[in-house]
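Peer 1: This is the structure, below, for whatever I ask next.
Read-outs throughout are calculated quantities, based only on the coordinates presented, and are distinct from any laboratory measurement. Keep in mind the model is a prediction, meaning the values are calculated, not measured. So basically every Cβ, Gly included, is an ideal-geometry build from the backbone, and we count neighbours across all protein chains shown.
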Amino acid sequence: MAKFINYIMRKGKKSLAQRIVYDTFEILKKKGQNPLAIFEKVIENVSPQVEVRSRRIGGANYQIPFPVSGPRRFTLASRWIINAAKERKGRSMSEKLAAEFLDVLRGQGAAIKKKQDVYRMAQANKAFAHFAKYG
């Protein structure tokens with residue numbers, strides 16, 4: 001939760017970021033939802049299992065699928081949710097964030113699309129997985 005607030009924060013304005021997140025939670029509460037449960041479910045739904053990383057081998061660049069570690073999963077999920085909320089038009093950031101949370105719960109929204117795009121990219125480049133060096 002605190003980390004998510006820090007990801008929203010711009011130019012050191014933490015109190016503004018906190019207000020955005022808490023207002024988002026109030027909006028969710030007014031809709032008869034449990035905000036913390038929704039937040040955890042949303043992060044879980046958007047977190048990627050695999051991602052592709054670019055690697056240069058023998059003069060060619062390959063997109064190699066790698067499994068995503070726990071902290072990186074949270075970071076990517078948070079980043080995708082925040083960016084998806086920013087892309088929405090009109091309204092305040094807290095309303096856009098609440099709308100994105102509810103869309104993710106329904107299995108739609110820009111953050112879910114981003115996760116699916118990354119997964120599709122990893123599946124398409126599965127043939128290059130043997131180039132990955134784990135550890």
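Peer 1: Quick one: the Cα spread of the chain along its three principal axes, in angstroms, biggest first?
Peer 2: Here the Cα extents, ordered largest to smallest, are 55, 33, 28 Å.
Peer 1: Using the beta-carbon distance between Gln123 and Tyr22 and R0 = 35 Å, what value does 1/(1 + (r/R0)^6) give for FRET efficiency, to the nearest 0.05?
Peer 2: Between Gln123 and Tyr22 the formula returns 0.35.
Peer 1: Expected output is a single nm value to one decimal: the length gained when fully extending between Arg91 and Lys133, i.e. 0.36 nm times separation in residues minus the C-alpha distance. What is it?
Peer 2: 10.6 nm
Peer 1: Sticking with this structure for a sec: Find, among the trypsin sites (Lys or Arg not before Pro) in the stretch 39-135, those assigned to loop by DSSP (not H, G, I, E, B) with at most 16 other beta-carbon atoms within 10 angstrom.
Peer 2: Answer in residue order: Arg88, Lys89, Arg91, Arg106, Lys133.
Peer 1: Show that you can apply the helix-only estimate: for the chain, add -39,500 (n - 2.57) for every DSSP H stretch of four or more residues, divide by all residues, and state [θ] at 222 nm to the nearest 500.
Peer 2: -19500 deg cm²/dmol
Peer 1: Once R0 is set to 25 Å, what does the formula 1/(1 + (r/R0)^6) return for the Cβ-Cβ distance between Asn61 and Gln116, expressed as a FRET efficiency to the nearest 0.05?
Peer 2: With a Förster radius of 25 Å, E is 0.60.
Peer 1: Given a Förster radius of 22 Å and the C-beta distance between Met9 and Glu40 as r, what FRET efficiency does 1/(1 + (r/R0)^6) yield to the nearest 0.05?
Peer 2: It comes to 0.60.
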